[in-house]
Amino acid sequence: MSEDIRESVIDPVTFEVLRNALVAVVDEMGMMLEKVAFSTVVSEGRDFSTSLSDADGNLVADGTQDLPGHVGTIPFTTAGVIEHIGRDNIRQGDIIMMNDPFIGGTHCQDVRLVMPVFWDDELVGFVQASAHIVDAGGAVAGSFQVDAASPYEEALYIPPIHLVRAGELDERLLALILRNVRISDLTRGDITAMIESCKTGESRFHALCEKYGAETIRAEMSELLVHSREMIASRVESLPDGTYSATDFIDYDPLAEEQVPLPITVKMTVAGRSLTFDFSESSPQAKGAINATRSLLWSAVVIATKAVFPEVPINQGIFWAIDIEAPDGLVCTATFPAAVGGAFAVCCEKITAATLACFLQIIPERTMVASGNLCNCIIGGYDPRPDFERDYVLYNWNEGGLGARPGKRDNHTAMGLFCSGTRNQPVETMELEYPVIFTGYSLMSDSAGPGYHRGGLGVTRNFYLTHEGGTLSVLGDRERTPAWGSHKGQDAKMGNQLVYKADTPEEERFGMMRSRIPIEAGHLLKFWQGGGGGYGPAWQRPVEWVVEDVVDGRVSPESAREDYFVAISSVDEEAATVEVDLEETKRLRAAAESADAQSVAPTGADRDREGRGGPR
Amino acid sequence: MAEHEQTTEQQENWLIGVDTGGTFTDVVASSESGEVRIAKVPSTPPAFEEGIINGLNKLGIPPAHIRTIHHGTTVSTNAAIMKTGAHTALVTTEGFRDVLEIRRGNREELYDILWDPPAPLVRRANRLEINERINYAGESIHEVDPEELDRLCRVLEKRGIEAVAISFLHSYVNPAHEAEVHKAIADRLPDIFVTSSSDILPEPGEFERTATTVANAYLGPPMVKYVSRLEAALRAAGYDADVLLMHSGGGLMSIDATLTVPARTIGSGPAGGVMGAAAVGRAAGRPNLITMDMGGTSCDVSVIVDGHPRTASEQSLEWGLPIRFPNIEVNAVGAGGGSIAWLDAAGRPRVGPESAGARPGPVCYRRGGEKPTVSDANLVLNRLSQGTALAGDVLLDTEAATRVMDESFATPLGMAVDEAAAGIIQIVDSTMAAAVRLETVNRGIDPREFTLIAFGGAGPLHAVGVARELGITEVLIPPNPGVVAALGQQTVDMIHDLSRPFLLTHNDDDRLGKADEVFAELETEMRGRFAKESEDGEAIAFTRSADIRYKGQTHVITVELPAGAFDTNARNHLIDAFHLAHTKEFRYSRTDWPVEIILLRVKGRLTTKSIDLSSWGYANVPEADVTSSDTTKSERHRKVYYHGSGWLESTVYDGDALLPGGSVEGPGVVEYSNSTVLLPPGVHGSVDKCRNIILKVS
């Protein structure tokens, strides 16, 4: 049964015109938020989202450049606001604030402002602005405390509450919140920006109601959702029926007695037009702050599904087209009082990767293997430089290598899927703002997973503090389980790492899950975000592609030989030329081919439970 | 420029404006006595200079009478998009060669796994590093090692590098290391084109500065070659005119200056269109305009307030390739005549962003295009006539366009073919309207207070539709709407821009004098630049401005200073103006929040001769050989389809024959040699003294 558009209330042309108009409303909100925000996390990093929902809280449109990781949580936020505040207590000119991960949030740094939109005294929808504030309180600067055992240690929790009532800002509430967070002047500016962004959305929403009539807008919103649901369903129908499963692994629970990998297992079932994801075999809730709540589980699955079918407009219709089975109390459906600071960097990344691994088995040309994993590396302290003399919270996040794609030659280096709209912060800006000097910011040779299709390279940022008094917290993953490859493509050769006093006898590897480490001035920190996995046997990769990678320093001559079975006989670094020993290469590749033929592991299903992920 | 006092009737001096686009080269000539001539000839890539000579020769003006040529060119834009620039190397601070490739880490397509960023202009092997370092305060913490320079030069030579970009961290506060490396390369390898980031863009932000510097190096050698070919071709054809090039900032610069900042010519064509529109608007008493320049693949939108086009500090040639020079802000929307209409998986209609471009082009071009486009829709609705010169001298194929429109679009939608075609136009009009809204409503400007000026091949067809979407009540169509960019070349002055970072908080009185000194230094530097290209150096008009923000913000607003010294009064005035601008653009301001100035800017303007706009409407087109044998000129009526009204008998006006005081009325179309205006029912217009059509839209 396909959608019969001739039965629609809205004619097809008006439908498309209004679809664009609704997205434009949200983009105008986003443009506003980005430009007036104060913290570089929002203005330079673009760690925010804006959206529009219908009167029932269904997501209708999100911004074209907004943080994907927020998208799937928006309906939960709106629902949470309606439930906690009560429909009758939501009035024109109100703005309701919240950050509670258990009421549809993500982690506490993501503060949401939800504004109802009324037309002719009737609720027609909601606009929402969400931004990552630099600090949400708690024990560590930036509120990423991986060894937090409960929400009480992590951050200030804000359940849905009126920040603005009938246009009147509740200054006392704002003062209460700002009193509980670090660097509150930035957060004051960011919250002001979010308020103005919501007001922009409201006035643009009003303009549409005025021009087209609220009834038309309501009908449009409802048909948009059906449209996306039908698009996903028709795509699913074209996939082979069956159940496909994959497991990815979280490195470990930082508060558990035994450091063992925690599985995120998904069983994806395609049956006709229905698509179900079953997570019930995933690890139970962890003790440390690496859990995610159900809203983020949905977000991660929606991101992966949208990535495979990018032409489907994102809205509640995608949620309607899929089912998720997962009992409460898993690491990805954590219940209060679980700690959730690492919801994105740990849990969400694995859910998305495992979901893509299921799609990889049936629609490989539209998907990719595992990517480098975002990691939050944050230093808080006091900046004693003359003219600065203030507290600071320095955010460091890196791009990583994206996983190899059967549909393209290789992959590049960028932010991962859940945060693909976010930007890095310029080194020059960081050095101007904080007592830090960077000694390098570059792609790492040999960090990607070799394969016929190579993964993207990982990135390192090397830096040291110029003054004493900094304290570091790091919250990430894929230190022990680098991005996996598939179909005889190899895992990424480098995972994430944070190395202190690098290249000295006192060198120390912090791993990805540590809090409150004092950092001495002048000692080098190397912050690696790993490469993407490879796809397909590397011995089949064309020799000229390997040579190109060696010339460009993406692959070393040693790796060319060991991983790609290409013998480099000489390298002229000044001329940037490389010579290949073709005879030797032939021998190496023939041996690799026969070894490959004898390997018993079936393609793409060579994963076990020893801390390595991928399709199985 | 020297005055030529000996002018007589026999020796009349002409000013030429040339705009070379990818398809056509437009030439506009104006004489001191007020005569205007226009020539439109096919462009001749890659030897664009041939098209220019062809155009000049068409004018029928003795070469000796042409004194000055103002030139907007697409050579640099083409080279950057087609990746045909120089074999370029980048030299960076050790550890930072990948800044160019990592960019800002984000992706244009957030979800699409198959999306790839464009390849950087310099491959990784040719991104070289020097072990040097300057900190945020401008102090050198690691000097350049001369031995490293020996190796660097050896490497450049061995690899046959043609151009080098040098970009070191914090060079905007201390350019010494860049200068040292620059000198070493220039001394030892004089044939290499070298450009340093501190010379062309002394502003923080290593990716954007490096990308701009790399683009500048990459475009240097091709622009050097182009300019020397152009000069040779002009000489060979007997022309001995001064050539000034248009830059994206809406000003002219000498050839020498162009060869220092070739990347500033990127976007000079669209900027010319906006400058031309601004001049038309000023002459027509309409200083507040929204411009809409629609061609085959995109629609350029810009905003003109009080006669001045809005400017931006950065433009993006393509995703991930920012060019950070002050420029006329032009927002390109992916909506043009070639935009393809399609049905998505759920059977819903979509238009663009994919475009059939000029090749294969719309179905009606009969060049192998098989997907219905916006131009096909206009043809199906009889808004365009078969004889319209869209694709050169090809007669457009209405039957093929109708058939494809029906089979692949209308029938699956259950719509009649004309209804479906009108739907395509509606969708594309709403897309353009949304873009205009983003540039106006969202930045504190009410489009209803503006006149929409439409030009380019397709702009006038869609102008009324877009105006109605936005509630705009007045639309202006200039005469010769197909050559407004070349007209723009005739209306611009010589302009240079300089800037320097300078941190000044709102209450810091001690450093005011220092800021004033920086302004003065920039003005002195600029006088030197003008002295090299003009004898009228004394007549330069300077404008000072500053980038300001609330302390803690990243985004800045550029605010102009009052004339005179930078003292407390000027500073206070500046801060008040900032609060006002913040309220206008972002709905609020907080006078109790601290404000800081971070960058000082100076713009220098030297007025040059320009066209008399009252004569613009009376141009002679010596040989309109681009226009096909046009059968429609004799046709007085035809049936045209309008959304909401269906097929109506419509008046066909000859645009080139409309005279002041004349009027037009919808339903109808106005046909110019290279453009068509649609007049839906209810629209009426009059022709003003400059022969602009002023349409009233209800």
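FYI, it's all coordinate maths here, none of it is from the lab. Keep in mind the model is a prediction, meaning the values are calculated, not measured. Positions of Cβ are generated from backbone atoms using ideal geometry, with glycine treated the same way; all protein chains shown enter the neighbour counts.
In the protein assembly as shown, if every C-alpha pair distance is counted and binned at 10 Å from zero, what percent goes to each bin?
Each 10 Å bin holds this share of Cα pairs: 2, 9, 16, 21, 22, 17, 10, 3, 0, 0.
In the stretch B:120-147, which residues have a backbone nitrogen under 11 Å from the label point lying 7 Å from residue A:503's Cα in the Cα-to-Cβ direction?
Once the point is set 7 Å along Cα→Cβ of residue A:503, nothing inside the stretch B:120-147 turns out to lie under 11 Å by backbone N.
Measure out, as a whole number of angstrom, how far apart the alpha-carbon centroids of the stretch B:576-610 and the stretch B:395-417 sit.
51 Å
Please compute the volume of the convex hull spanned by the alpha-carbon atoms of the stretch A:231-329 and report it per residue in Å³. Can you show the working numbers first?
On the way: hull volume 9.7 nm³, N = 99.
In the stretch A:231-329, the Cα hull volume divided by residue count equals 98 Å³.
If packing is taken as the average count of other Cβ atoms within 10 Å, what order do A:104-114, A:585-595 fall into, highest mean first? Spell out each step's value before the answer.
Working: A:104-114: 26.7, A:585-595: 14.6.
My ranking of the peptides, most packed first, is A:104-114, A:585-595.
Could you calculate the contour length gain from residue B:235 to residue B:260, that is, 0.36 nm times the residue separation minus the distance between their Cα atoms, to one decimal place in nm?
Numbers: separation 25, 0.36 × 25 = 9.00 nm, distance 2.32 nm.
Result for the pair: 6.7 nm of gain on full extension.
Eigenvalues of the Cα gyration tensor times 5, then square-rooted: what semi-axes does that give for chain B, in whole angstrom, largest first?
43, 29, 28
I'd like the GluC sites (Glu not before Pro) in the stretch B:351-454 restricted to DSSP loop residues with at most 13 other Cβ atoms within 10 Å, sorted by number.
Details: sites: B:354, B:370, B:399, B:407, B:419, B:439, B:449; in loops: B:370.
Sparse-neighbourhood loop GluC sites (Glu not before Pro): B:370.
Per residue of A:552-562, what is the mean number of Cβ atoms on other protein chains within 10 angstrom of that residue's Cβ?
1
Quick check on the exposure proxy: order A:236, A:331 from fewest to most C-beta atoms within 10 angstrom.
In order of increasing Cβ crowding within 10 Å: A:236, A:331.
What does the structure give for B:541-554 when I average, per residue, the other chain Cβ atoms found within 10 Å of the residue Cβ? Please report the intermediate quantities before stating the final value.
Details: counts 0, 0, 0, 0, 0, 0, 0, 0, 4, 5, 3, 12, 10, 13.
Other-chain Cβ atoms within 10 Å of each residue's Cβ, averaged: 3.
Find how many whole Å separate the alpha carbon centroid of the stretch A:348-421 from the alpha carbon centroid of the stretch A:295-345.
17 Å
Partner chain Cβ atoms within 10 Å, averaged over the residues of B:198-208 - can you pull that number for me?
Taking all residues of B:198-208 together, the mean is 2.
For the protein assembly as shown, what does the helix formula give at 222 nm: sum of -39500 (n - 2.57) over DSSP H segments with n ≥ 4, over the residue count, nearest 500 deg cm²/dmol?
-9000 deg cm²/dmol
Please state the Cα pair-distance histogram of the stretch B:347-416 with 10 angstrom bins from zero: what percent is in each bin?
22, 56, 20, 2
Taking the alpha-carbon distance from residue B:225 and a cut-off under 18 Å, which lysines remain once sequence neighbours fewer than 8 residues away in the same chain are dropped?
Residue B:225 reaches B:83.
Where in chain A are the helices, taken as whole DSSP H runs, whose Cα atoms extend 30 angstrom or more along the long axis and whose Kyte-Doolittle mean reaches at least 0.5?
A:12-36
Using a/c under 1.5 as the rounded threshold, could you call the stretch B:469-534 rounded, prolate or oblate? The axes a ≥ b ≥ c are square roots of the C-alpha gyration tensor eigenvalues, and prolate needs a/b larger than b/c, oblate otherwise.
Oblate, because a/c is 1.5 or more while a/b does not exceed b/c.
Too long at a 26 Å Cα-Cα cut-off: which of B:639/B:696; B:40/B:609; A:350/A:526; A:199/B:603; A:199/A:350?
Numbers: B:639/B:696 22 Å; B:40/B:609 23 Å; A:350/A:526 24 Å; A:199/B:603 36 Å; A:199/A:350 36 Å.
Check vs 26 Å cut-off fails for A:199/B:603; A:199/A:350.
In the stretch B:342-425, what trypsin sites (Lys or Arg not before Pro) fall in a loop by DSSP, with at most 12 other Cβ atoms inside 10 Å?
On the way: sites: B:350, B:366, B:367, B:383, B:403; in loops: B:366, B:367, B:383.
Qualifying residues, ordered by number: none.
Listing B:554, B:258 from the residue with the fewest other Cβ atoms within 10 Å to the one with the most, what is the order?
Fewest to most other Cβ atoms nearby, the residues stand as B:554, B:258.
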